[in-house]
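These notes are about the structure you will find just below.
The values are calculated or read from the model by the stated rules, or taken from the named source; none is laboratory data. As the structure is a prediction and not an experimental result, all values here were calculated from the model. Please note: Cβ atoms are built from the backbone with ideal geometry, for glycine as well, and neighbour counts cover all protein chains shown.
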Amino acid sequence: MLNINKRSFGLDISDYSIEAVVLEETASGIGVSASGGITLDPGTVERGRIKDGEKLKTALAAVLASVGLNPSEPREWVFGLPESLVFTHVFAIENFNEHEVDKVIAQEIENTVPFRKSDLTYSYKTFADTSAGNKTMAFIAAAPKAEVSEWRAFFETAGVRVKIFDIESLAVFRGMFDKHPDLPVCLVDIGAVTSLVSIFTPLGLTYSYIINAAGKNISYQLASGLDIGFTEAEKLKIEYGLSAGGDHPAAAGIIGNILDKIFKEIKNNIDYFNNEYGFPPVKEIIVTGGTSRLSGFSEYIKTLDLGVDIRVGQPLYESAGIEYIEAIGLAARALKGYWDKTDPSIPVPPPAVKTERPENIKIWLQRTREFIKTARPLITNRRHIAVALGLLSALAGFYVFFDYFLGSVNRAAAPLPPVSESRIEAAIAPEPAAENVASSSREIKIIIKNISSPLNVRQGPGTSFKVVGKANPREEFIVIEEADSWIKISLSGGEEGWVFGEYADKVE
């Protein structure tokens, strides 16, 4: 009997390194058949953006060669789009109507993602949450079109075919688990710029939160506290970590102080999830990312009292090191269709199409060239030239005349243009009438819900008004006015603005 093994390919590119994994499914099961990685030169990739495409292309070719592949081979990779470029958001849809879900998603993006919807590429998944009265939950994943297009163009020039632009937090989970957990698990990925808190339940990713402190913050604090350069601080962190050693024994204390703050915020998020989401309590915390590999980190987390078990993440397949967890999860998506049911991906915008001249103009130009070619032997003096130019002018006049009248017939028969996206969004959350705007007679405060991204603050009570600021999750504001679903708040510096009330709770 013919036995064909299935293979899939995962590619993880961060600010610091590239990791690639080849998974292979055989009759005996799934395993890592090849893995390879390389450390990137500083400045090659910064905050998920390509800064030196040629260096990155050379490094990528070296990694692919290390796993026995050539970039020109027709392999389809799953690529993990850097987390700093991706916005994820999970929320409950009230009174779910499958015919209205696209509009609800558009409104949610408008209120939670700090980019115009027209500048984003996004997808979503919906799933039933039976833990709290059969609610319907939605999981949105979005990224700026420009940045995604940069990566698409890079892979095209590198000759690498990418099948899916995946989401880092989902890939990291898949790199450690082959299915969703029976009880909630908190995954903490301490990256270069941010630390991502993701809580997975039997439904999939159910809660996420970004902490603006991570590996680079540690290096900056080391550089400042020890009065050394950033590059030296990076080397010190990597070489000694939380172990006292080298010429700077105080380094371990500085790193520990930053980690204490990160884990305090992690605990706050777990407490919030346990109290508000209706699931059983989180059973364990799993830490991944470069910081989790620092010397002394495993000993450090044993000293934490978070009320829940905590450990460093390990890859699902032991033949690869922990630095390959995300790449394993990326490859797993292509190998197992199970994950496509719950995990959205980032749609890749198509390349810009070069505008071509209308067909009728091209035909006219071609005929003009043929006329000139035919008439050239007959043109022997200036008088002939004048006659030729006159004939060309007459032909052009007839062309414009007939094109106008024929075009007007076609234009009259053409359908009306579609309603613009901005008008559709405005219809989702209509602006209130003036008489519905009520001023608050006493000081009332609201707190922004614990959403995954800052909330838009607008100039007026509606989506058509300009965004004038951002309101951070869990931040409190004084209420000035209320208008149907919108709340006017006072910002720092004396400015005022409106937020969508569905994303705020009154402070008792």
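Inspect the range 246-267 for any residue being at positive phi and either modelled with pLDDT of 90 or more or under 22 Å from the mean Cα position of the chain (by Cα) (or both) and give the result as yes or no.
Scanning the range 246-267 turns up no residue that is at positive phi and either modelled with pLDDT of 90 or more or under 22 Å from the mean Cα position of the chain (by Cα) (or both).
Any idea how many residues of the range 254-294 are buried (at least 16 other Cβ atoms within 10 Å of the Cβ) and assigned to a loop (DSSP other than H, G, I, E, B)?
5
Examine the range 51-60 for a residue that is in contact (Cβ under 8 Å) with a residue 24 or more places away in the chain, touching a Pro at 6+ places or on another chain (Cβ under 9 Å) and in the same structural domain as residue 169 (by TED's automatic domain parsing), and state whether such a residue exists.
Yes.
Out of (1) touching a Ser or Thr at 6+ places or on another chain (Cβ under 7 Å); (2) surrounded by fewer than 19 Cβ atoms within 10 Å (Cβ to Cβ), the odd one out for residue 37 is which?
For residue 37, the failing item is (2).
Spot the failing condition for residue 146; the list is (1) surrounded by fewer than 17 Cβ atoms within 10 Å (Cβ to Cβ); (2) in contact (Cβ under 8 Å) with a residue 60 or more places away in the chain, and only one is missed.
(2)
Out of curiosity, is residue 64 modelled with pLDDT of 85 or more, of a type in the set (A, V, I, L, M) and within 30 Å of residue 273 (Cβ to Cβ)?
Judged against the criteria, residue 64 is not a match.
Considering each of 167, 105, 109 in turn, give the residue that is in contact (Cβ under 8 Å) with a residue 60 or more places away in the chain and not assigned by TED's automatic domain parsing to the domain that holds residue 451.
167
Per-residue answers, yes or no, for (1) touching an Asp or Glu at 6+ places or on another chain (Cβ under 8 Å); (2) under 23 Å from residue 317 (Cβ atoms); (3) in contact (Cβ under 8 Å) with a residue 40 or more places away in the chain:
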position	(1), (2), (3)
175	yes, yes, yes
188	no, yes, yes
203	yes, no, yes
214	no, no, yes
235	no, no, no
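Quick check on the range 195-206: of everything there that is surrounded by 22 or more Cβ atoms within 10 Å (Cβ to Cβ) and at pLDDT below 90, which residue is farthest from residue 248 (Cα to Cα)?
Per the stated criteria, the residue is 196.
Could you list, in sequence order, the residues of the range 148-186 that are within 18 Å of residue 18 (Cβ to Cβ) and of a type in the set (Asp, Glu)?
150, 156, 166, 168, listed by residue number.
Conditions tested, residue by residue: (1) under 18 Å from residue 499 (Cα atoms); (2) at pLDDT 90 or above; (3) touching a helix residue (DSSP H, G or I) at 6+ places or on another chain (Cβ under 8 Å); (4) surrounded by fewer than 17 Cβ atoms within 10 Å (Cβ to Cβ).
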residue	(1), (2), (3), (4)
91	yes, no, yes, no
110	yes, no, yes, no
115	yes, no, no, no
142	no, yes, yes, no
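Identify, by number, the condition in (1) under 23 Å from residue 327 (Cβ atoms); (2) crowded, with 18+ Cβ neighbours inside 10 Å; (3) in contact with a helix residue (DSSP H, G or I) (Cβ under 8 Å, 6 or more places away or on another chain) that residue 157 doesn't meet.
Of the numbered conditions (1) under 23 Å from residue 327 (Cβ atoms); (2) crowded, with 18+ Cβ neighbours inside 10 Å; (3) in contact with a helix residue (DSSP H, G or I) (Cβ under 8 Å, 6 or more places away or on another chain), the odd one out for residue 157 is (2).
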